[in-house]
Each structure stands twice: as C-alpha cells, then as structure tokens.
Amino acid sequence: MKPTIRDVAKMAGVSISTVSRVMNSPESVVEAKRSRVLEAIEKLQYQPNAFARGLIYRKSFTLGLLIPDIENMYFAGIIRGMQDACVKFGYSLMICNTDRDKDRLLSYIDAFREKQVDGIVFASDILYPEYYEKLTACRIPFVLLSSHSDEFEVPSVEVDDEEAAYEAVKFLIELGHREIGMIGFNHVNSVSGPPRYEGFVRAMKEGGLTHNIEKVAYAEHRFEQAYHATHELFSAYPDITAVFCVADEFAMGTISYLKDRNILVPGQVSVVGFDNLRMANMFIPKLTTVAQPIYELGYRAAEKLHELLTTGSVKVPKEMMKHKLIVRESSRQR
C-alpha cells in the first residue's frame, strides 16, 4: 500500500499537522522537525518522487516550453528532442502555445511562475524587451531556441538562417536557373524571415541576378497562405523557373499550387524548401530542402537550460548548429 501522511508523521515523530505545514509552508516549521519530516517523505516516497525532491531541493523539476504554433510540424521534432533530454535529466515538460500573441505569452510566463518551473525554453519568436523584462522579473532562467537576441545576453541555440538560405538559392543558380522567386515569411514578428531573405538577396547579388530580388511573395506560417502567395508570385512573374521557400510547408503549398495549374515540378519549375520535416521525404515529389537538425535543436536547448540551472552559466552562450542541403526530386538542372 502507498504510504500515508500518518506514516510520515509516525516515522518523523511529529503530528500530521506538522507534516502538512512542512509540505505547504516549510518555513513555518523549525529546522529540526522539518528535516525529520523531509527525511521521512524521502524514505517512504510519500507523494510522487518529483514532489518529494521538490520539497527538499526547492525545485519543481519541470521545464516550460513556449512555442508559437503547436500545429506546425517543425515543433513536433523540437518537442520530441526536448522531451528526450528532459527524461535524461529528470524533468517534466510543460508546453504552452502562444499563437504569437503578446498578451497570451506574458500570461503563460505568469503561469510558469505560479507552477514554479525551474526554467523556460523560448522558441522561434522575437525576444521583445517586455518579454525579457517579464522573465527576468520572475527570476526564471531561460534559453532561446531557433532564435537569438542581439540586445540581451541570453543563451541560444539555432542554425545560421542567412547562410542556409544563401546555400539553397546558390544551389538553384548552379542548376542553371536565372529567373528565381521566393516565398518568404512576413517579416513582421518573424525571427527567421529577415535573415533567410538576406541569404536570398546575397546569392542573387553574387550571381549577378539582382533583377530577382523583388520576386518575393510573403505568407504567414501555413500551407494555405503559401498557396495563395505562390499565386501572387506567378501572377506577377510567370517566367519564374525556380522557387526558394523558407519552410517545407511553404514548399508543399507552392508545389500544390503549381500542380493545380498543370505546371510540372521539377519539369518546369524547381522548388527548394527549408527544415527537412519528416513529410519532406513523403511528399510527391520528394522535397529538396535545407535540413535543420530539428530533434537535436530541441535536445540541445533542454541540455543547455539544464547546464544553466545546475552551474549558473553555459559554456557556449550563442550556439549555431549545422544545417545541410538535401537534394531530392523537387529540383533539377535547368
């Protein structure tokens, strides 16, 4: 049978009310009695182990994760990586979906504080000053994932978005394409949108194709929005023979639009995505894409946060993980 509060009181030689006060207001109990109660809780494993350890070490052994869009397939890999790291280090994981809403995000930080999470991973969003001030006021250590801050000294882990986009577009140029468009993130409230656009521009300038710099249509974050953005792009520039998409979901939306117009991919138009989601290798045609180490990013963010919580600092504050261009069926020589 599971031990009861009465068993803890008996082993510690105190009253049941004293055990209750130790669990709910430990500072109200003299140290000698408090130590005996905590020792009995540990020995009897009264309540979940995490709860007992929390009483002793003043930690909840819980990490919080703030993500902007839980429906985005990218975050499935991030969450899996973080979860595996949490299992290794003995944490539970609490996930909050912000929908990129400032008020909601700030309320979730309050919720994390009330739940006494030990630390937070802040993913794929801009670290606005009000977010930073809120987190530091709550005294919750945090790490940025797929984001960074030039303004504040906060540990981060991400890929080099500008360089990755540059390599993807350079690949299309090397295939012989000269009329190249882009489906990008709306730059408002986007962390990765601006640097991926900058990579596109750098490749165009280097390749002597500056006339393509204006051939960009923007979407928010969904397949359907990319579908409509592709319509805008090809309506304005029907001579395009290749498209760089800043997300695999965008690439799928682009290919679907082209298929509905009987435009062959890659026969008439080559398409390159970004992320290397699991679906990238299942989609028809299989996507040429920039592979982010999605699982590893999630794992490393949790690992970095654990390092921060246990040592007070991290050895590599600003960490860039490697990306890789994966060539599949959606691109071909011009």
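So the values come out like this:
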| read-out | value |
| --- | --- |
| FRET efficiency for Arg178 and Tyr132, using Cβ-Cβ distance with R0 set to 56 Å, rounded to 0.05 | 0.80 |
| Positive dipole terminus of the chain, leading residue within Gly77, Val30, His228 (C-beta point charges) | Val30 |
| Counting DSSP beta bridges with both ends in the chain, the antiparallel % (nearest 5) | 10 |
| Sites Lys2 and Lys115 - FRET efficiency at Förster radius 30 Å, r taken between beta-carbons, to 0.05 | 0.80 |
| Reach of Lys318 by Cα under 18 Å, taken over aspartates and glutamates that are not fewer than 8 positions away in the same chain | Asp125, Asp150, Glu151, Glu153, Glu158, Asp160, Asp161, Glu162, Glu163, Glu296, Glu303, Glu307 |
| For Gly64, net neighbour charge (Lys/Arg +1, Asp/Glu -1) across residues whose Cβ lies under 12 Å away | -1 |
| Probe 1.4 Å, accessible area per residue of the chain, Å² | 48 |
| The chain, dipole about Cα centre (Lys/Arg Cβ +1, Asp/Glu Cβ -1), debye to the nearest 20 | 1480 |
| Residue (of Gly119, Phe171, Val246) at the positive-pole extreme of the chain, dipole from beta-carbon charges | Gly119 |
| The stretch 185-287: relative contact order in percent, alpha carbon pairs under 8 Å with at least 6 residues between | 21 |
| Carbon/sulfur fraction of accessible area - the stretch 192-334, other protein chains in place, 1.4 Å, % | 53 |
| Computed [θ] at 222 nm, helices only, for the chain once each DSSP H run of length n ≥ 4 contributes -39500 (n - 2.57) | -14500 deg cm²/dmol |
| Full-stretch length increase - Glu71, Ser20 - with 0.36 nm per residue and alpha-carbon distance subtracted | 14.2 nm |
| Contour excess over end-to-end distance, with Cα ends at Val87 and Asn262 and 0.36 nm allotted per residue | 58.2 nm |
| Built amide H within the under 5 Å cut-off of Glu319, gap 5+ | Ser156, Val157, Glu158 |
| Among the listed pairs Lys215/Lys322; Lys115/Lys304; Lys88/Lys286; Lys134/Lys304; Lys170/Lys286, those beyond 23 Å (Cα-Cα) | Lys215/Lys322; Lys88/Lys286 |
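The values are calculated or read from the model by the stated rules, or taken from the named source; none is laboratory data. Every value quoted in this text rests on a predicted model; they were computed, and no experiment measured them. Please note: Cβ atoms are built from the backbone with ideal geometry, for glycine as well, and neighbour counts cover all protein chains shown. Note: areas computed on protein heavy atoms with side chains; ligands, DNA, RNA excluded. Shrake-Rupley method; radii C 1.70, N 1.55, O 1.52, S 1.80 Å.
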